[in-house]
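One structure is given below, encoded as structure tokens.
The values are calculated or read from the model by the stated rules, or taken from the named source; none is laboratory data. Note that the structure is a prediction, hence the values are computed from the model and not measured. Neighbour counts run over all protein chains shown; Cβ positions are idealised from the backbone, glycine included.
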Amino acid sequence: MERVVITGLAPIAAMGSGQAFFDRLTAMEPVFRKGDEAFCGGTNTSQWYVPYPETDITPYKARLQRMPALAPRNAVTAAVSALMAADDAGLPALDPDTAVFYGVSTMNADDIITAYNAAAQGRRLHPSSNPKSMANAVPAWISILFGIHGRSVGISTACASGTDAIGMAYEHIAAGRSKMAVCGAADCMRCPEDLFFRSFDVLSALTHTVDGLPRPFSEERSGFLFCEGGACTLILESYESAVSRGAEIYAEITGYSASCDAFHIVKMPDDPEQVIALLKGMTAGKQVDYYNAHGTATVMNDRMEALALREVFGRRLPEIPVNATKCMTGHAIGTSGAFEAAVTAYSIRNGIVHGNLLGTPMEGLNLPQQTVSFDIHCGVTASFGFGGHNSALMLEKI
């Protein structure tokens with residue numbers, strides 16, 4: 001088995017891009033908005049959302065060529081993120097056999113609705129209507145832009161998509177199938193008539209707080225803060241490859257596990273036995289000292305995740321800082337796991353754990369309310385998606 005390390009990170013979110021994203025997170029300065037009167041005055045019961053990031057493509061315009069006209073928005077953002085991550089890793093070029101594993105929880109509804117309206121009104125469709133609606137557009141465009149020929153795969157496991165994409169890239173390199181992988185996730189849920197927002201709102205999944213803060217792991221939690229998306233890319237390499245070229249290393253990935261509850265399409269079971277089994281199996285023999293939670297702030301998810309943590313870590317749980325990045329980023333669905341893996345890597349590298357924006361904290365969890373310095377040796381980040389998809393990554397200091 002090859003050792004696998006993270007040498008490049010590039011989140012693109014409303015809170016910022018690259019290191020600026022983590023800096024704003026540790027400063028505990030969330031970016032979110034309240035919908036206008038038309039937005040709030042309809043059938044919606046929630047009012048707050050995190051906007052899609054405005055991506056500056058200028059530094060990479062020549063390399064992107066005609067991509068903005070031919071690709072869906074999430075693919076453009078993912079491509080910029082991938083180029084940023086390669087720069088962060090100090091890679092002017094990637095090995096030809098570099099693989100791409102990228103999470104995409106849904107196709108871009110904006111492009112599909114635009115094409116549908118054109119067809120319904122008898123107008124000519126845009127020539128790029130088909131490639132803009134392809135779910136595989138994201139990994140395909142990344143492979144094309146870098147001119148790499150390794151495996152190129154789109155992963156769609158709802159809110160676990162990003163975590164699974166990174167985990168599969170880890171397994172690919174660990175098995176010796178390539179030296180490098182570009183992985184992460186990108187979703188864009190900004191679309192006409194706020195389709196995705198409304199679809200979660202009608203499930204009573206979104207926060208009802210008056211100030212928009214979702215407050216994960218708090219007694220006052222009522223649902224998640226909707227995020228229109230973004231992108232986050234990680235560059236993974238074999239340890240030997242990274243060391244041979246003198247690369248800076250954020251952290252080593254030492255574990256990945258995934259399972260399915262096989263219970264319900266949108267609900268978690270009352271007894272999170274599959275999550276418990278997944279975390280126990282992955283962390284056996286390890287001294288975990290940090291946990292980045294899925295922490296959506298829905299009533300059921302937080303209760304079940306807290307129950308699982310008590311069962312897995314037992315008496316040690318009060319010693320383990322737990323933070324829910326979604327308290328500030330909102331829930332970016334498929335991209336959330338990639339954001340949180342990046343946060344875990346940044347936290348290990350910088351020795352910093354960002355604080356939680358809380359109300360009345362749930363009992364039994366170590367939930368820092370301010371950003372703190374903390375020497376992390378072994379951290380876990382987990383994601384749970386509609387359909388019962390559970391996945392987790394373990395990262396260690398190197």
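Tabulated results
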{"item": "In segment 226-250, residue farthest from Y102 (Cα to Cα) [restricted to those that are part of a loop (DSSP other than H, G, I, E, B) and touching a Lys or Arg at 6+ places or on another chain (Cβ under 7 Å)]", "result": "Y250"}
{"item": "Residue match in segment 364-386 (condition: outside the structural domain of F22 (by TED's automatic domain parsing), farther than 20 Å from M282 by Cβ and surrounded by 20 or more Cβ atoms within 10 Å (Cβ to Cβ))", "result": "yes"}
{"item": "Segment 168-210 - residue that is in a loop (DSSP other than H, G, I, E, B) and within 18 Å of the chain's Cα centre (by Cα) and, of those, surrounded by the fewest Cβ atoms within 10 Å (Cβ to Cβ)", "result": "R190"}
{"item": "Which listed residue, of P139, P131, is at pLDDT below 95, within 13 Å of N74 (Cα to Cα), not in a loop (DSSP other than H, G, I, E, B) and not small (G, A, S)", "result": "P131"}
{"item": "Meets criteria (surrounded by fewer than 24 Cβ atoms within 10 Å (Cβ to Cβ), in contact (Cβ under 8 Å) with a residue 24 or more places away in the chain and under 26 Å from T298 (Cβ atoms)) for M28", "result": "yes"}
{"item": "Filter result (free of Cβ contacts under 8 Å to residues at least 60 places away in the same chain and out of contact with any Lys or Arg (no Cβ under 6 Å at 6 or more places or on another chain)) within segment 91-113", "result": "P92, A93, P96, M107, I112"}
{"item": "In segment 272-285, residue farthest from L395 (Cα to Cα) [restricted to those that are in contact with a helix residue (DSSP H, G or I) (Cβ under 8 Å, 6 or more places away or on another chain) and surrounded by fewer than 19 Cβ atoms within 10 Å (Cβ to Cβ)]", "result": "I276"}
{"item": "Close pairs from segment 59-75: first at positive phi, partner modelled with pLDDT of 90 or more and surrounded by 12 or more Cβ atoms within 10 Å (Cβ to Cβ), Cβ under 9 Å, at least 6 apart", "result": "Q65/L145"}
{"item": "Count - residues of segment 223-257 that are closer than 24 Å to M84 by Cβ and in contact with an Asp or Glu (Cβ under 6 Å, 6 or more places away or on another chain)", "result": "3"}
{"item": "Candidate set: segment 316-363, residues that are in a strand (DSSP E or B) and out of contact with any Pro (no Cβ under 9 Å at 6 or more places or on another chain); chosen: the one surrounded by the most Cβ atoms within 10 Å (Cβ to Cβ)", "result": "I352"}
{"item": "When residues of segment 51-79 are limited to those that are surrounded by 13 or more Cβ atoms within 10 Å (Cβ to Cβ) and of a type in the set (S, T, Y), the one farthest from A13 (Cα to Cα)", "result": "Y60"}
{"item": "Given (1) surrounded by fewer than 16 Cβ atoms within 10 Å (Cβ to Cβ); (2) in a helix (DSSP H, G or I); (3) not acidic (D, E), index of the condition A93 fails", "result": "(2)"}
